[in-house]
Amino acid sequence: MSSAEPTHDAGDVEVWAPHAQAVDLFLRSTVPGSTGEPVIRPMDRADGGWWRLRAPDAGAEPRDYGFVIDGAGPFPDPRSRRQPDGVHALSRSFDPGAHAWQDSRWTGRQLAGGTIYELHLGTFTPEGTLDAAAARLGHLVSLGVDFVELLPVNAFNGTHNWGYDGVLWYAVHEGYGGPAAYQRFVDACHQAGIGVIQDVVYNHLGPSGNYLPEFGPYLSEAAGNTWGSSLNLDGPDSDPVRRHIIDNALMWLDEYHVDGLRLDAVHALRDDRATHLLEKMAGEVAALSAFSGRPLTLIAESDLNDPRLITPAEAGGYGLDAQWSDDFHHAVHVALTGETTGYYADFAPLGALAKVLTHGYFHDGTFSSFRGRSHGRPIDRQRMPAWRLVVGSQNHDQIGNRAIGDRLTGTLDAGQLAIAATLTLLGPFTPMLFMGEEWGATTPWQFFTSHPEPELGAATATGRISEFARMGWDPALVPDPQDPETFTRSRLDWDEAERPGPARMLGLYRRLAELRRDVPSFTEPRLDRVGVDFDAAGSWLRLVRGSTEILVNLAADARRMPAGTGAVLLDFGTDGPALLSREDDGSVMLAPHSVLVLAEASS
């Protein structure tokens with residue numbers, strides 16, 4: 001069972017409130033000229049802690065509505081589809097079936113061989129809306145993007161936010177355009193040949209507007225996680241809570257035609273059941289995929305380095321399709337920037353990058369100095385396809401969780417940025433780009449909030465500054481997340497892409513997309529067929545993928561390194577070409593901070 005909006009074609013209105021003594025449906029007309037007087041209808045107790053009401057008087061007119069629990073409220077529907085007046089206000093009925101979909105020819109897209117583009121709707125365009133983002137899809141097509149991954153869009157308190165403070169998981173933030181605009185966006189993506197992956201957060205709720213505890217034991221009384229109380233996934237009355245989460249996942253995939261979900265921080269899901277929530281979700285999504293006839297993808301963000309998450313259910317795993325792999329980011333970041341503080345320390349040797357490229361994880365049972373213990377377990381390189389790991393040299397976390405939200409462009413030159421891009425897009429894993437990196441955007445992407453409550457805003461700002469002060473950053477440099485300028489600074493500047501340097505970088509990304517599309521070696525899924533040679537002292541690395549090789553000079557001066565005799569597929573250095581000369585002994589001389597891709601690898 002589920003709660004539903006009181007729409008004209010809805011039969012029963014249902015809500016789960018197992019400990020309530022009385023529940024009333026609160027209705028108010030939204031028709032202009034109406035008196036606005038609310039109508040209150042008592043609901044009937046049903047089995048399993050559910051309350052139900054047959055509401056024939058709801059009529060065809062739209063209504064704002066909520067639930068009164070034991071005289072308190074009204075509170076918004078836990079499964080509200082629209083919150084036009086904010087998360088503290090009444091819900092509004094929305095009929096997802098009213099949209100006339102135009103994507104009947106869309107048959108979906110598998111993740112294998114695909115490229116993902118991560119974006120935040122509020123800062124991707126000046127307008128910060130779904131419709132404005134849809135107008136930029138031609139740019140993504142030119143990059144060879146197969147999936148656009150939206151940071152969370154669910155309703156939160158305030159005007160702008162990263163999205164991870166959401167409290168109403170079924171509602172699309174009104175500032176982005178609401179649920180109707182979301183449908184238009186997905187429709188436009190599919191017509192452009194692009195799939196949609198939605199980032200969803202099931203491990204915690206935001207600090208303002210969470211009324212779930214008023215309805216029932218949605219939250220766990222056990223220890224919480226980094227962001228607050230955990231969800232009640234395995235305690236008494238946890239069955240409807242798990243259903244609330246899984247139904248939400250199915251809603252995006254079914255009613256909104258989304259092609260995949262990115263599951264935020266699954267390591268923070270506290271679930272001791274024999275069948276984990278993720279395993280249960282994967283099974284139901286697989287069933288929906290079979291019924292709908294299109295691929296549906298689940299991608300976990302996980303800090304566990306545990307391949308069981310992405311091992312198929314028939315092989316004893318959870319059955320998720322893929323997971324983020326931060327080890328790739330850390331290894332590339334350290335190799336290019338030289339930063340070795342915090343969790344970067346273990347990735348200091350160039351051999352760490354070589355291991356990640358050939359084994360997927362760096363920490364696969366090895367000692368993690370950051371954690372003070374052994375971490376991870378190995379991937380079966382002969383059986384696990386490399387595309388199950390989603391990687392990027394930049395993403396919202398790795399940029400936004402830096403004290404000043406600086407991108408790699410704040411530290412690296414064009415040649416180094418090209419190395420990061422090439423290893424990401426032509427490496428063995430599923431590549432993910434972060435919005436703007438394709439032209440070397442110089443705009444930061446900082447941590448921003450807009451909490452209307454002064455005390456919450458002050459606490460967020462103080463906590464953020466204190467956190468980075470403990471890490472050695474000057475508190476004066478840490479931007480106030482509540483300052484509107486922090487949000488404004490984080491918007492992409494699309495005019496940058498037309499300038500000579502960024503235009504050259506954009507051309508590189510488009511060339512990498514062509515190579516990935518045209519050369520089978522760059523989507524070869526077998527990790528045990530990846531070869532790497534490197535010289536730590538010489539600061540060079542050679543990545544062999546099938547009949548191709550990628551030659552990287554990480555040094556600040558020219559370097560000689562072994563190479564094959566194949567044709568040049570890509571040649572990029574900081575100020576010009578990478579290839580300075582080819583020698584009779586089969587070696588090449590590469591310019592400082594440069595990358596060269598050849599069509600054949602030497603034996």
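The values are calculated or read from the model by the stated rules, or taken from the named source; none is laboratory data. None of these values were measured; they are calculated from a predicted model. All Cβ positions, glycine included, derive from the backbone under ideal geometry; neighbour counts span all protein chains shown. Ligands, DNA and RNA are excluded from the accessible area calculation, which covers all protein heavy atoms including side chains. Shrake-Rupley method; radii C 1.70, N 1.55, O 1.52, S 1.80 Å.
Values computed for the structure shown
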read-out	value
At 1.567 mPa s and 4 °C, Stokes diffusion of the range 154-204 via Kirkwood alpha-carbon radius, µm² per second	109
For A222, net neighbour charge (Lys/Arg +1, Asp/Glu -1) across residues whose Cβ lies under 12 Å away	-3
Considering only the chain, percent of DSSP beta bridges that pair antiparallel, nearest 5	70
Ratio Rg/Rh, restricted to the range 107-150 and using Cα atoms, in which Rh is the Kirkwood radius	1.00
Probe 1.4 Å, protein heavy atoms only - accessible area per residue of the chain in square angstrom	38
Per-selection Kirkwood Rh - the chain (Cα, Å, 1 d.p.)	25.5
For the range 526-603, the spread of Cα positions along each principal axis, largest first, Å	34, 25, 22
Rounded percent of accessible protein surface that carbon and sulfur make up, the chain, 1.4 Å probe	50
Percent of C-alpha pairs per 10 Å bin, the range 208-259, short to long	23, 44, 28, 5
DSSP beta bridge pairing in the range 28-174, given as percent antiparallel to the nearest 5	70
When the range 238-375 is reduced to its Cα atoms, the Kirkwood hydrodynamic radius in Å	16.6
Degrees, to the nearest 10: 326-337 long Cα axis against longest axis of the chain	50
For the range 154-200 versus the range 287-342, the gap between their alpha-carbon centres in whole angstrom	23
Computed over the range 74-177, Cα set: Rg, Dmax in Å	15.5, 49
Degrees between helix 350-359 axis and first principal axis of the chain (Cα, 0 to 90, nearest 10)	60
Fraction of antiparallel bridges per DSSP, the range 128-281 only, in percent to nearest 5	35
Inter-label distance, nm, simple model (7 Å from Cα along the C-beta direction), R517/D95	4.0
Dipole magnitude (debye, nearest 20) for the range 69-153, charges at Cβ of Lys, Arg, Asp, Glu	180
Rg/Rg_ref, the range 299-452, where Rg_ref = 2.2 N^0.38 Å and atoms are Cα	1.06
The range 335-420: relative contact order as a whole-number percent, Cα under 8 Å and 6+ apart	21
Alpha-carbon Rg with Dmax, taken over the range 200-299, Å	13.9, 41
Relative contact order [Cα under 8 Å, 6+ residues apart], the chain, whole percent	10
Cα-based helix-to-principal-axis angle, 238-254 vs the chain, degrees rounded to 10	60
Span from the the range 376-413 Cα centroid across to the the range 470-508 one, whole angstrom	19
Coarse-grained scattering of the range 421-522 at q = 0.16, 0.18, 0.23 Å⁻¹, given as base-10 log I(q)/I(0) from a Debye sum over alpha-carbon atoms	-0.83, -0.89, -1.09
Coordinate range along principal axes, alpha carbons of the range 496-564, Å, largest first	39, 32, 18
Other-chain or far-sequence residues with amide H under 5 Å of L298's (modelled H)	L261, D321, A322
